[in-house]
1. For the range 167-194, which positions are out of contact with any helix residue (DSSP H, G or I) (no Cβ under 9 Å at 6 or more places or on another chain) and either closer than 13 Å to ARG55 by Cα or away from the ligand (no atom under 16 Å from the Cβ) (or both)?
2. Surrounded by fewer than 19 Cβ atoms within 10 Å (Cβ to Cβ) and in the same structural domain as THR237 (by TED's automatic domain parsing): which single residue out of ALA353, ALA385, ALA380 fits that description?
3. Note down all Cβ pairs under 7 Å where the first residue falls in the range 128-144 and is in contact (Cβ under 8 Å) with a residue 24 or more places away in the chain and in a helix (DSSP H, G or I), the second is polar (S, T, N, Q) and more than 9 Å from the ligand (Cβ to nearest atom), and they're at least six residues apart or on different chains.
4. Could you give every pair whose Cβ atoms fall below 8 Å, whose first residue belongs to the range 72-96 and is at negative phi and assigned to a helix (DSSP H, G or I), and whose second residue is near the ligand (Cβ under 10 Å from one of its atoms) and modelled with pLDDT under 95, counting only separations of at least 6 or pairs across chains?
5. Can you tell me which of (1) more than 20 Å from ARG144 (Cβ to Cβ); (2) surrounded by fewer than 19 Cβ atoms within 10 Å (Cβ to Cβ) is the one ASP106 doesn't meet?
6. Restrict the check to the range 54-63 and report whether at least one residue is under 30 Å from ILE203 (Cα atoms) and small (Gly, Ala, Ser).
Amino acid sequence: MDVDIGNALASVASPGISRGALERLDERVGQAHERIETGRANHEHGYAALNLPERTDPGEIRRAVDPVGDAEALITVGIGGSALGAATIVDALEGDTEMVFLDNVDPEWVTSRLESLPLAETAINVVSKSGTTAETLANFLVVREAFEDAGVDWTERTIVTTGEAGPLSDLAERHNLPKLRVPDGVPGRFSALSPVGMVAAAIAGHDLEALLEGARAESESLSGSLFECPAYAYGATAYALDGRGAGINAMIPYAESLETYAEWFAQLWAESLGKDDLGQTPVRALGVTDQHSQLQLYRAGPRDKLVTFVAPRERADREIPATEVEELAYLGDSTLGELLEAEFEATEASLAAAGRPNVRIELETVDEYELGGLLYGMEASCVLAGELYSVNAFNQPAVEWAKKATRGLLGGGEFAEADAVAEKTTLRVER
Ligand SMILES: O=P(O)(O)OC[C@H]1O[C@H](O)[C@H](O)[C@@H](O)[C@@H]1O
């Protein structure tokens with residue numbers, strides 16, 4: 001990926017960062033890079049995620065999915081980091097397999113999804129690092145029952161990806177299911193380039209080697225200066241802008257296929273950096289669609305936002321048919337791709353003209369190689385930002401708190417966190 005931070009400079013935008021401040025920040029980037037490299041060399045928790053391009057074995061993943069390789073549909077049961085990486089990859093790339101991600105536990109939605117699938121031709125991919133996440137385990141039990149009710153042997157059609165030990169690992173062994181490991185030291189939201197993100201990609205027939213190759217190329221660009229490393233340029237700029245008042249980061253891909261990527265980014269940024277009263281709030285948007293809604297706020301609202309564009313340089317195109325309506329004649333000389341590109345350039349310019357900071361991330365195109373680079377690059381950006389904020393980017397105590405409270409409420413153990421629910425302050429206004 002390439003990154004252009006020109007529109008985040010103080011000479012263009014407010015808030016913005018001056019060249020001088022960027023150069024001073026670069027010294028801290030150099031120190032952070034050394035810390036990151038030490039963490040990678042020692043396979044420390046979290047930093048180890050940046051070694052996935054070398055560690056992940058595509059052959060092992062393909063062997064595990066082989067028994068269900070011809071499935072017409074795949075249900076991935078997982079949530080958060082155990083779903084969004086896989087969803088990002090398969091949504092970005094063209095594939096023939098129908099993909100369903102059961103992350104939410106909304107009963108009507110789960111039921112309708114299950115009813116819509118040909119279960120005898122459907123594979124199940126259960127993903128949970130801990131093997132204990134209530135939503136994932138509950139949905140898996142529901143899916144299993146649906147297969148049994150339909151007279152389909154779910155044990156023939158299920159692949160499990162989980163940590164070394166835990167209830168899901170035990171279940172896989174009991175039923176002799178193909179089992180892949182969530183690699184040690186890799187938090188869920190940094191695991192897209194491991195079996196966690198790649199089982200679904202393998203079933204869809206995508207090129208796993210190219211995904212890893214693109215990530216590897218990005219890893220080779222990590223260096224001690226933000227001026228030489230796109231990933232660090234992005235992480236450092238976002239951090240600097242946040243410190244200058246841009247507490248919101250609106251991620252706007254200009255490709256429908258990257259809409260899920262914005263969701264993945266939101267988890268990465270929020271869960272990794274939201275610590276100690278610090279962190280930048282990610283907002284998900286989509287170009288061109290959200291130009292016609294959110295752009296008003298981004299250009300004319302409070303100066304508390306960084307807008308991040310992600311755009312491919314090349315894409316399949318389609319001509320706009322000519323029309324006899326005179327006012328619309330100009331459209332007939334263009335393609336949908338040219339229209340999209342013009343809208344992107346115009347939006348970027350409109351923000352810069354209003355002095356609103358924005359960053360452009362460019363991909364050659366949306367394919368396995370470029371996607372691998374994008375996912376890796378944004379993870380490295382996030383790890384760098386974690387160093388600059390001096391927060392632990394690899395834990396999520398606030399999320400764990402709510403998980404414990406939920407289990408306590410459901411009678412899944414004694415958790416003091418559950419008491420807070422009963423202590424809620426109420427001020428009801430009723431009709
Ligand atoms: O993979 P699991 O252990 O099931 O966890 C799934 C998700 O659970 C929590 O919500 C964590 O905050 C996420 O980071 C994690 O990805």
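The values are calculated or read from the model by the stated rules, or taken from the named source; none is laboratory data. Fair warning: this is a prediction, and the values are worked out from it, not measured in the lab. In this analysis, Cβ positions are derived from the backbone assuming ideal geometry, glycine residues included, and neighbour counts consider all displayed protein chains.
1. The answer is GLU173, ARG174.
2. Only one candidate qualifies: ALA353.
3. ALA134/THR406
4. SER82/THR133
5. Checking ASP106 against (1) more than 20 Å from ARG144 (Cβ to Cβ); (2) surrounded by fewer than 19 Cβ atoms within 10 Å (Cβ to Cβ), the one that fails is (1).
6. Within the range 54-63, one or more residues are under 30 Å from ILE203 (Cα atoms) and small (Gly, Ala, Ser).
For (1) of a type in the set (A, V, I, L, M); (2) assigned by TED's automatic domain parsing to the domain that holds GLY274; (3) touching a residue at least 40 places away in the same chain (Cβ under 8 Å), each residue gets a yes or a no:
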position	(1), (2), (3)
PHE394	no, no, yes
ALA405	yes, no, no
LEU410	yes, no, yes
GLY413	no, no, no
ALA416	yes, no, no
ALA420	yes, no, no
LYS424	no, no, no
VAL429	yes, no, no
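For (1) of a type in the set (A, V, I, L, M, F, W, C); (2) under 18 Å from VAL65 (Cα atoms); (3) assigned by TED's automatic domain parsing to the domain that holds GLY95, each residue gets a yes or a no:
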| residue | (1), (2), (3) |
| --- | --- |
| VAL160 | yes, yes, yes |
| GLU164 | no, no, yes |
| PRO167 | no, no, yes |
| ALA172 | yes, yes, yes |
| GLY188 | no, no, no |
| ALA192 | yes, yes, no |
| VAL196 | yes, yes, no |
| ALA200 | yes, yes, no |
| ALA204 | yes, yes, no |
